[in-house]
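Participant: Okay, handing you the structure first.
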Amino acid sequence: DVFEPGSTVKPFTMSLALATGAFTPDSLVETSPGYYRVGGWTIHDIKDYGILTLSRVLIKSSNIGTAKIAMEMAPEELYRAFHDIGFGQITGVELPGEQAGMLPNRRRWRASEHAAMAYGYGVAVTPLQLARAYGVLAEGGVLLPISIRKRQKPPSGHRVLPADVVTNINAMLEQVVSPEGTAQLANIPAYRVAGKTGTVRKLSSEGGYRDDAYQALFAGFAPVSDPRFVL
């Protein structure tokens, strides 16, 4: 089944920003006054965070900060970044009925579509696609093939993110699980965990999004020092 991944895609938006060289983890982003109008669409944060570094944008999960960072790049770049980590494609896990999800590739992008995609709206993934994407972070930037079959030896993959970028992103994701982040319940004693929360408004049967129903998500991996599990 597919769902909109919401803020769980923000690490990959930030990865693109760092990979372009236009941003660093300490780059500053203005998020005041807590809402931001883009092409008739209003983006909200849960509070006015003021000026945030790129790292804090991810740790605090600022939709405004993420959208502003993404809109410094072309929407086609964001599409390619999401495509490279496997969104919009079946994983090849050899299970019947697997969905490819949805990753729009438009000839002309509206600003609101560009902004929303950066924080996980207008995109649809399966849980397995999302787990494999986080596997890229756990594997230092390498996308591995996945299978339900036991392999005789570890598979070889191909690099889709620079290693130094992944190191920075993973440090941020570990802070997401700290007392100052949004995923405090994933903080496990004696294990270092990295991950990201997402909260997605559910679609209404009458069209548009509901104001009273949400889906809560978490994606991550552990232990950070030598990842063995992605969920």
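Participant: For residue 110 paired with residue 159, estimate the spin-label separation in nm (one decimal), with each label point 7 Å from Cα along the Cα-to-Cβ line.
Facilitator: Placing both labels 7 Å along Cα→Cβ, they lie 3.9 nm apart.
Participant: Reported to two decimal places, what Rg/Rh ratio describes the chain when computed on Cα atoms with Rh from the Kirkwood expression? Please list the in-between numbers first.
Facilitator: Values: Rg = 17.0 Å, Rh = 17.9 Å.
That ratio equals 0.95.
Participant: Here is a follow-up. Given points 7 Å out from each Cα along the Cα-Cβ axis, report the residue 216 to residue 184 separation in nanometres with one decimal.
Facilitator: In this crude spin-label approximation the distance works out to 1.3 nm.
Participant: May I pose another question? If you look for lysine pairs in the chain that are eight or more places apart or on different chains, how many of them have Cα atoms under 20 Å apart?
Facilitator: Within the chain, the lysine pair count is 11.
Participant: Also, quick follow-up: If you roll a 1.4 Å probe over the heavy atoms of the protein chains, what accessible area per residue do you get for the range 1-146, in Å²? Numbers along the way, then the final one.
Facilitator: Details: 6210 Å² over 146 residues.
Averaged over the residues of the range 1-146, the accessible area is 43 Å².
Participant: Another question about this same structure. Work out the charge dipole of the chain with +1 on the Cβ of Lys and Arg and -1 on the Cβ of Asp and Glu about the Cα centre, then indicate which of 69, 27, 9 is farthest towards its positive end.
Facilitator: Highest projection toward the positive end goes to 9.
Participant: Where the accessible area of the chain is counted over protein heavy atoms with a 1.4 Å probe, how much of it, in %, is carbon and sulfur?
Facilitator: That fraction is 52 percent.
Participant: Binning at 10 Å from 0, report for the range 1-125 what percent of all alpha-carbon pair distances ends up in each bin.
Facilitator: Percent of pairs per bin, in order: 13, 44, 31, 10, 2.
Participant: Here is a further query. Could you give P(r) for the range 135-187, binned at 5 Å from zero, as whole percent values over all Cα-Cα pairs?
Facilitator: P(r) for the range 135-187, in whole percents per bin: 5, 18, 19, 16, 15, 15, 9, 3, 0.
Participant: Normalised radius of gyration for the range 134-231, please: alpha carbon Rg relative to 2.2 N^0.38 Å, two decimal places.
Facilitator: Cα Rg divided by the expected 2.2 N^0.38 Å: 1.31.
Participant: Still on this model: Going by accessible area, probe 1.4 Å, with all protein chains left in place, what is the ranking of 173, 231, largest first? Each step should come with its number before you reach the end.
Facilitator: Numbers: 173 0, 231 120 Å².
If we order 173, 231 from most to least accessible, we get 231, 173.
Participant: Quick check on the chain: helices-only [θ] at 222 nm, where DSSP H runs of length 4 and up contribute -39,500 (n - 2.57) each and the sum goes over total residues. Nearest 500, please.
Facilitator: -9000 deg cm²/dmol
The values are calculated or read from the model by the stated rules, or taken from the named source; none is laboratory data. None of the values given here were measured: they were computed from a predicted structure. Note that each Cβ is placed from the backbone with ideal geometry, even for glycine, and that neighbours are counted across all protein chains shown. To get the accessible areas, we keep the full protein, side chains included, count just its heavy atoms, and leave off ligands, DNA and RNA. Shrake-Rupley method; radii C 1.70, N 1.55, O 1.52, S 1.80 Å.
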